[in-house]
Ligand SMILES: Cc1cc2nc3c(=O)[nH]c(=O)nc-3n(C[C@H](O)[C@H](O)[C@H](O)COP(=O)(O)O)c2cc1C
């Protein structure tokens, strides 16, 4: 049964662009047939706690004798990892907050990026999620165009690419919609047409991906 894990992290429950885009992806996924199911994880309405201890970054076998993990923290990490392992595809809504990921999404990353479990602990180590598709939907209020002073200021997208793509070996499909604050900030108003076009392009790309991803 092809299962999509649908993750959101926007703190905006009314007008979120990333929520709109991930929902469009999930709808197109469901439209493929009744066997295409969706598991939901809303990291804003149901946030994960910050790591109880740094020992959670490591597989149990790689912890020192002094590193003790409370049983409920261990169970929570396992549940989040099992949920990801059970997904045939993942879509992640990732708004840019203060030039990086929302802390709620970072808390999820902290639970799933575990060397020796989902990422290689040694050169050539196992990547159980290798090749699994993950669609990252990054929404940004401003613009970060090549050749502009803010070109390198988006520190959210690279984290998703490095952790999900390089460390976990997943097949990352990045989709970005920028200039979303054009309708709120007078200084960005001249970007309104571009913002609308980027959102429409992102939606078209996501619907096509959801209809065709294996
Ligand atoms: C707490 C917070 C911090 C933000 N920081 C940035 C930022 O650093 N750069 C930026 O381009 N936009 C920033 N924005 C604007 C959001 O990236 C933009 O509104 C985006 O569309 C949010 O995603 P959403 O529409 O899915 O909620 C910020 C918004 C919030 C609420």
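Computed from the coordinates by the stated procedures, all read-outs in this text should not be read as laboratory data. Since the model is a prediction, treat every value here as computed from it, not as a measurement. Note that we place each Cβ from the backbone using ideal geometry, even for glycine, and neighbour counts take in every protein chain shown.
Per-structure values
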| item | result |
| --- | --- |
| Dimensionless Rg ratio for segment 99-178, taking C-alpha atoms and the 2.2 N^0.38 Å reference | 1.20 |
| Part-to-part distance (alpha-carbon centres) for segment 103-128 and segment 148-200, which is given in Å | 24 Å |
| Spin-label pair residue 12/residue 31, simplified geometry with 7 Å Cα→Cβ offset, distance in nm | 2.4 nm |
| Percent of Cα-Cα distances greater than 13 Å, calculated over segment 162-207 | 61 percent |
| Cα coordinate range in the chain, projected on the principal axes (Å, largest first) | 59, 43, 33 |
